[in-house]
Amino acid sequence: MAPFTKVNHTRFSDALLREAAGLRALRSGLQKVGVTAIRVPEILEVDSEQLTMTRIKAGPASEAVLILLGEGLARLHAVRQDDYGWPDDNYIGLSPQPNGISPSWGDFFVQQRLGFQVGRITDGAVRAAFQRTLASCGERLARWLDQHCEHPSLLHGDLWGGNVLFDQHNPWLIDPAVYCGDREADLAMTEMFGGFGQAFYQAYDRIYARTAAYPVKRSVYNLYHYLNHYNLFGTGYLGGCRQGMGVIEEVAGRS
């Protein structure tokens, strides 16, 4: 089957280079833990304009393949990484994603994820309101996240249904926004637009069960994605942003 070539239609000259680096990191991480069922496209050639990689003959996902995805992702997440963050900045969809290395997951998430996206909001009133919430609640939220994160895990970073393809036998991970963080940030993103079905989550939990704090963390972590979608696509995502900010206030009030 002929390879697939992706053309850089973004305004970022290194977007495909960073995407290729993320794919290689996922491929390497899965290989190190012996997960062969989850596939990652092989990079054949990449430069600032084009990324050539394995072509995937995709179709609907069977329950058996979703189980392989859940089990393999849990095994990848179970490996303790050295630090939170990532050495290089990269991209999530059409947005920049600043990284850097941090010993604190909470500080990294509040500053490099929530704070960065809030700072990009063009509506001055909305931006100011969200900045006030982060200023008043950010330190307590960061401490709470540190208390409820077991260790840094290698994350896909943008793990919604559109970034997982399925052939007859295997799931394939594409379009990553990799960094190291709380594994439940990946799981939260899977639920933002419908999820992968109970077979996936049951398989994941059999290998590495989600924590008791996951239902709250899901809202906190998906706030990052709601903010990103609000900045990219407009007010249809503002309600999700406000709901997430409300959860942050509740967490800070209990911390």
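A few remarks follow.
- For the chain, size of Cβ-based charge dipole, Lys and Arg +1, Asp and Glu -1, in debye: 320
- Per-residue 3J(HN,Hα) values for the range 52-69, derived from phi via the Karplus relation 6.51 cos²θ - 1.76 cosθ + 1.60 with θ = phi - 60°, read 10, 8, 4, 7, 10, 8, 8, x, x, 8, 7, 4, 4, 6, 5, 5, 4, 5 Hz in sequence order (x marks Gly and Pro).
- 3J(HN,Hα) from dihedral phi, the range 168-178, Karplus parametrisation 6.51/-1.76/1.60, rounded to Hz, x for glycine, proline: 5, 10, 9, x, 10, 8, 10, 6, x, 10, 5
- Inter-site label distance for A64 and F12 at 7 Å from Cα along Cβ, in nm: 3.8
- Neighbour-count ranking [beta-carbon atoms within 10 angstrom, fewest first] of D82, D107: D82, D107
- Amide H contacts of A58 (H built 1.01 Å from N, under 5 Å, at least 5 apart or other chain): none
- Unit charges at the beta carbon, dipole of the chain: most positive-side option, V79, M1, P60: P60
- Backbone phi angles across the range 14-20, fed through the Karplus curve with coefficients 6.51, -1.76 and 1.60 (θ = phi - 60°), yield HN-Hα couplings of 9, 4, 6, 5, 5, 4, 4 Hz in residue order; Gly and Pro are listed as x.
- Within the chain, helix-based [θ] at 222 nm, where runs of 4 or more DSSP H residues each add -39,500 (n - 2.57), nearest 500: -15500 deg cm²/dmol
Each reported figure results from applying straightforward, stated rules to the coordinates on display, with no laboratory input. Given the structure is predicted, the values throughout are model-derived calculations rather than measurements. Methodologically, a virtual Cβ is constructed for each residue, glycine included, from the backbone with ideal geometry; neighbour enumeration extends over all protein chains shown.
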